[in-house]
Structure formats: structure tokens, C-alpha cells
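One structure is given below, encoded as C-alpha cells.
The values are calculated or read from the model by the stated rules, or taken from the named source; none is laboratory data. For clarity, every value in this text was computed on a predicted model and none was experimentally measured. As a convention, Cβ positions derive from the backbone with ideal geometry for all residues, glycine included, and neighbour counts pool all protein chains shown. Surface areas here come from the heavy atoms of the whole protein model, side chains and all, with no ligands, DNA or RNA. Shrake-Rupley method; radii C 1.70, N 1.55, O 1.52, S 1.80 Å.
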Amino acid sequence: MNNKEEKLKAFGRLLDIMDDLREKCPWDKKQTLESLRHLTIEEVYELGDAIIDNNLQELKKEIGDVMLHLIFYSKIGEEKGAFDIADAINAECEKLIFRHPHIYGDTKVESEEDVKRNWEKLKLKEGNKSVLAGVPKGLPAMVKAYRMQEKVKGVGFDFENSEDAFAKVEEEINEFKAETDLDRKEKELGDVFFSLINYARSIGINPENALERTNKKFKNRFERMEEIAQEKNLKLSDLNLTEQDKLWEQAKYELE
């Protein structure tokens, strides 16, 4: 592993390369904050994929890609005379010091939950009008629900235990099943999802990660199912559900 001096040298090298690209590369010279935005989102999702797959070599690559984007935004900020990378990093350092008085001050904490509660209280002192103010509007719905639930827990608004959280899931499912009006049924379904996410959070499961693992598992099994059908000179769309299910079970068995 690299020592601190080598890490700083690598960071400086990336800054120098960014300067060169911004000055000499036709593509890099054209980029703006807005043009980079969707590319950054894509890179962060690729980083998330590497984490889900526990692929450390891919993770190293994606960290570099995300880091490049952060340097790029800072370079544009510098060109606009607004801030540079040092300003951004120093601001983050000051924020971290302020929000960790149990490390840099006299505050005493006994657990992770104490840290989270202090964190939300300190954010309100910084001027946030609501503990939910820091949840981005553009987050996917499941991630947003999870983050909001984490935030309000920081001020004590939470079920006392996971059993109570699961009882809420059952209550919402029953209300969903009983509703017949489609519009109201959609609202009840939202309540089911929200309560299920809350239960998952209460027992230490990240629902986004859990669902993505299922997505990947389904994709792998279905693609193998297609391969099996091709090997047998069958066309999936010509098979009935029972016949398709047999191929599914074979693919499932092979991949387990």
C-alpha cells in the first residue's frame, strides 16, 4: 500500500492531468457542469455495481472515474472564480470537525445511534430548517424513503423495535388488499413499500442492495434460461408457462 506522501503525489498528478486536458483536449475543453452531470450519475451507478458485486478491482477503477469527475467540477469552479478543489476539501474538513464533537470536542457518546442523533442536531444548527432538508429530490424513490427514515430516526421518530415495524407492514398489506379503487390502491401500495423499507432498515438490511441483488439473480437466471432454450432449439415465446417454468427451474439449479 502507498504511504501518505505517495497518495498526495498521485492526487497532484491527477490535478496536473486535469489541467492539461482542460487546456488541450477538444472534448474536455467543451464540458460544462451541466454536460458532465448525467455522466457523473452513470459513474456513481457503476461504482454501486462494483460494490454490490464485491469486485474490488472494478471498485478501484470506478473510484478513479468518480474522482476524476469531482476534480473536473472543481476545475470548472476555479475557472468561474467561485472555488477550487482546496476550497471544497477544506469546507468538508471543517464540516466534519464540527459534526464530530465527540472526536474534536468534549461531547461524549456511547454508541453509533448517539453519533447519528448529534449529527442531525448539528445540521439544524447549521441552518437547515428540517432534518429532511438534506435528502436530494432526485434520489430514486426507494433510496429516498430509506434516507428519510434514517434522518427522522436521528431525532427519535421511529418504531421502538423491529416487531412494531413489521406489524406496520402487515397492517399496510391488509389495507392494500382491501382497497378496490385503483387510485387509492396505488397509494396503499406506496404505504406497503414505505413500511417494508422501514422494516428492512430496522433489522439492518439496505433494501436497495437487497432488490439489486435480486435483479441480478433474476437477470442471470433468465439469460441462462434463454440459452437452454436455444440449446434445445426452442423458442421461449412458443412455450407455455409450464414449459417455460421447467427451463427456469433448470437454470436456477445450474446457477445455484
Let me test this: with uniform point scatterers at the alpha carbons of the range 188-256, what is the Debye-based log₁₀ I(q)/I(0) at q = 0.22, 0.25 1/Å? -0.86, -0.98
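Among the helices of the chain (complete DSSP H runs), which have Cα atoms covering no less than 15 Å along the helix axis and a Kyte-Doolittle mean of at least 0.5?
Numbers: long enough: 4-24 (30 Å, -0.94); 33-53 (30 Å, 0.13); 56-79 (34 Å, -0.05); 85-98 (20 Å, 0.72); 112-125 (20 Å, -1.91); 141-153 (18 Å, -0.67); 162-178 (24 Å, -0.79); 182-202 (30 Å, -0.48); 207-231 (36 Å, -1.72); 241-255 (21 Å, -1.23).
The answer, listed by residue number, is 85-98.
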Cα-based reach from LYS219 at 21 Å (exclusive), listing lysines while leaving out same-chain residues under 8 positions away: LYS232, LYS235, LYS246, LYS252
Given the pairs LYS4/LYS61; LYS7/LYS80; LYS129/LYS153; LYS144/LYS185; LYS24/LYS75; LYS9/LYS60, which span a C-alpha to C-alpha distance of over 26 angstrom in this model? LYS7/LYS80
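For the range 162-250, with every protein chain kept in place, what is the accessible area per residue (1.4 Å probe, Å²)?
Values: 6300 Å² over 89 residues.
Result: 71 Å² per residue.
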Across the chain, where is the longest run that never hits trypsin sites (Lys or Arg not before Pro) in a DSSP loop with at most 11 other C-beta atoms within 10 Å? 138-231
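Test of understanding: express the Cα radius of gyration of the range 67-147 as a ratio to 2.2 N^0.38 Å, with N the residue count.
Values: Rg = 15.9 Å, N = 81, 2.2 N^0.38 = 11.7 Å.
So the range 67-147 has a normalised radius of gyration of 1.36.
Under 8 Å for C-alpha pairs, at least 6 residues apart: give me the relative contact order for the chain, rounded to a whole percent. Show your work: numbers first, answer last.
Numbers: 156 pairs, mean separation 26.2, N = 256.
Answer for the chain is 10 percent.
If N is the number of residues in the range 1-126, what value comes out of its Cα radius of gyration divided by 2.2 N^0.38 Å? Please list the in-between numbers first.
Values: Rg = 18.1 Å, N = 126, 2.2 N^0.38 = 13.8 Å.
Scaled against compact globular proteins, the figure is 1.31.
Measure off, as a whole percent, the carbon and sulfur share of the 1.4 Å-probe accessible area of the chain, all protein chains present. The partial results should precede the final answer.
On the way: 10070 of 18410 Å².
Carbon-and-sulfur percentage of accessible area, whole number: 55.
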For the range 166-211, state which GluC sites (Glu not before Pro) are in a DSSP loop and have at most 15 other beta carbons lying within 10 Å of their beta carbon. GLU179
Find the accessible area per residue for the range 1-83; the probe is 1.4 Å, ligands and nucleic acids are left out, and the unit is Å². 74
